[in-house]
1. Label points 7 Å out from Cα along the Cβ direction at Ala324 and Asn246: separation in nm?
2. With all protein chains present, how much of the accessible area of the range 30-147 (probe radius 1.4 Å) comes from carbon and sulfur, to the nearest whole percent?
3. Please tell me which of these pairs span more than 26 angstrom C-alpha to C-alpha: Lys125/Lys308; Lys182/Lys245; Lys18/Lys292; Lys84/Lys305; Lys197/Lys219; Lys16/Lys317?
4. What is the local net charge at Ile86, summed over the other residues whose Cβ is closer than 11 Å to its Cβ (Lys, Arg +1; Asp, Glu -1)?
5. If every alpha-carbon in the range 193-262 counts as one equal scatterer, what log10 I(q)/I(0) does Debye give at q = 0.16, 0.19, 0.20, 0.21 1/Å?
6. I want the local charge near Met329. Using Cβ-Cβ distances under 11 Å, sum +1 for each Lys or Arg and -1 for each Asp or Glu among the other residues.
7. Determine the gain in length on full extension of the stretch Ile275-Lys89; use 0.36 nm per residue of separation and subtract their C-alpha separation, reporting nm with one decimal.
8. Beyond 38 Å, how much of the Cα-Cα pair distribution for the chain remains, as a whole percent?
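The values are calculated or read from the model by the stated rules, or taken from the named source; none is laboratory data. Predicted model only: the values in this text are computed from it and were never measured. All Cβ positions, even for glycine, are placed from backbone atoms using ideal geometry, and neighbour counts span all protein chains on display. In case anyone asks, the SASA skips ligands and DNA or RNA and just uses the protein heavy atoms, side chains included. Shrake-Rupley method; radii C 1.70, N 1.55, O 1.52, S 1.80 Å.
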Amino acid sequence: FSFFIKLVFAQRIMVKAKSWVMTKYFDGFPKKSNFGLKVEELPEPKDGEVLLEAVFLSVDPYMRLFSKISMKEGDVMIGSQVAKVIQSKHPGFPVGSHVVSNSGWRTHTLSDGTGLTPILPEWPKDVSLSLALGAIGMPGVTAVYGIEDVLGLKEGETLLVNAAAGAVGSVVGQIAKIKGCKVVGSAGSDAKVVFLKELGFDEAFNYKTVGSLEEALRKASPEGYDCFFENVGGPSSFIVLQQMKNFGRIAVCGSISTYNDSEPQTGLYPYVIMIIKELKMEGFLITRWQHKHPETLRRLLAWVKEGKLQCREHVTKGFENMPAAFMGMMRGENIGKAVVAV
């Protein structure tokens, strides 16, 4: 009887959930003072609810951009995580199962199941679930849709991708090689250039050390570029456009070089080049193809299992280190996907 009482009591113990909030809007590059750690007690799930415990959390450049758009001071930092269901009163999410959740920077979350994506049932036991935040997750599907639905990349074409050693760029280059294309990557360190060569990039260079970006691009592909997968933005993009082939296509995925600007950048405008070369430039968000996510994730998982898609991660341990991991990622310290292991 006493054991039963202890068991019931244990099941009803409130869970202490930690979360990181944005205490003040970012002004320039993020600082420690922009973040605050909050602790609250969560009740046990009601009917139709589940209690999630974070296992891996993601840090991504879009968080800096969307902090201006979809957050207010005091809000929990936005973001996705791989979480384990530790209590459940929802038939679709049994205890012990894992999901991808947009719960933000939280250790524990109560959910009614809305927006939860179960980990693929065929997920191999020897593949880390953290990849559901990287190559077999949002960055992976971003790469696929940018290449296939925006660029329409064809076999034999030449693709340039910047921020190429990051979570999205490294997958973009590998998929382009799977499709039989020449791939040139730009990255911010010699170690990242070595990594890109290991992935099979045909050419790669460190944009921080080349004497001239224009010359580096021309040397890597004298004939020019059919497609450009843009992650960086800023003045360098104008230089790239000048070396696009006629009827070239540009997929604008990100503009990380501008996210920390206190004032909007002004500068060269590419319209004349785009007219003369008849270029097509298109920005995109992956929500446009949300209906394709399950099939796309299965394709990415298959490429990983076949050894066609290599995945490197920059793992920071400890939920208390979320802000440091985020700021490190924004400084470009990561090679591959930046994740935090709780």
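1. 5.6 nm
2. Exposed carbon and sulfur together represent 56 percent of the surface.
3. The pairs that break the limit, which is 26 Å between Cα atoms, are Lys18/Lys292.
4. Once positives and negatives cancel, what remains is -1.
5. -0.63, -0.89, -0.98, -1.07
6. Here the charged neighbours net out to +1.
7. Stretched out fully, the Ile275 to Lys89 stretch lengthens by 61.1 nm.
8. 20 percent
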